[in-house]
Amino acid sequence: MQNRSSYILFDTSFIVKQTNDPSFELNKDVREYLYEIVGMEENILSLQEDENIEIPMVLRNDLYYDIHIKLFYQTPRAYKATLEQHSKQINQYTNTLKEINKKTLAQEINKAKRELEYVVQYDTLTGLANRSYLLKEIDNYTNKQSSFTLCLLDIDNFHTLNDEYGSHAGDMLLKHISTLLTNTFNENIFASRIFGDSFALLFNSQEHKNPLQDYIATIERKIKQNPLRYTKEDLISFECTFCFEHYSSKYANAKLFLEHLQNNMKRKKIDKKLTR
């Protein structure tokens, strides 16, 4: 059995460029031979320029070959320079994307925080302060020992209107009243929707010298003059019941004060129905 050394030089496309083995023709594709018989394609692909790999004692045609394989190719300098430039650009793009992702993530976190803070303090339907925010504001007044009056406003027969025209009309009515309140009073009057069809107005006695009845008369006139135009055919007129009280130190906290006033509102609405 003969034994001789052979070498095969080929490019990255597995085309034979040079060999001393007559069984391999120049320009022949040796991919199939290397992959199926030798099983060295992965190792060959991992070779760098001018690196060698030796395949010892390959049996072929009853002959053993010590085959020395050399990846034979040269990369043009201009192509290398282009690759390096592309590599730098890719790195720059990657770093830029990382920074953008960091900024985007930070922006999303801040947005989520703002949305959460809004939901905690404001009514999402009307945009007015909610009950929690109202209680906090009352506590601020009491801590500062400021004089203030709280006025509650309830829509009369709201459930009947809601049943007659639908829940969407009810939502539009709540928004309509919210707009009337914010457009009628200045920023110094704290308006809130505490639940359902109930609203609250917080008046600072030191900043509002006019009697509270004047403010209530103003909003009653606005309500009478501005019914809700729900559709071309549906003009929804409505009335409200008002209940107010000046804060005094006999209430231990803001929640008790608000609950007291809400109970007064319930009694007032019952009396109003009985007198009709």
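The values are calculated or read from the model by the stated rules, or taken from the named source; none is laboratory data. For clarity, every value in this text was computed on a predicted model and none was experimentally measured. Here Cβ is always computed from backbone atoms with ideal geometry, including for glycine, and neighbour counts include all displayed protein chains.
Per-structure values
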read-out	value
Extreme residue, farthest from Glu245 (Cα to Cα), among residues of region 113-168 that are small (Gly, Ala, Ser) and surrounded by fewer than 18 Cβ atoms within 10 Å (Cβ to Cβ)	Gly166
Strands (runs of 3 or more DSSP E) contained entirely in region 153-257, each with at least 1 residues that are touching a strand residue (DSSP E or B) at 6+ places or on another chain (Cβ under 8 Å), of a type outside the set (Ser, Thr, Tyr) and more than 19 Å from Leu128 (Cα to Cα)	240-246
Selection status of Leu228, over 21 Å from Phe203 (Cβ atoms), among the aliphatic types (A, V, I, L, M) and exposed (fewer than 13 other Cβ atoms within 10 Å of the Cβ)	no
Of residues in region 240-274 being farther than 21 Å from Ile138 by Cβ and at pLDDT below 90, the one surrounded by the most Cβ atoms within 10 Å (Cβ to Cβ)	Lys269
Residue satisfying all of: in region 251-276; in contact (Cβ under 8 Å) with a residue 40 or more places away in the chain and either among the basic types (Lys, Arg) or in contact with a His (Cβ under 8 Å, 6 or more places away or on another chain) (or both); farthest from Leu201 (Cα to Cα) among these	Lys272
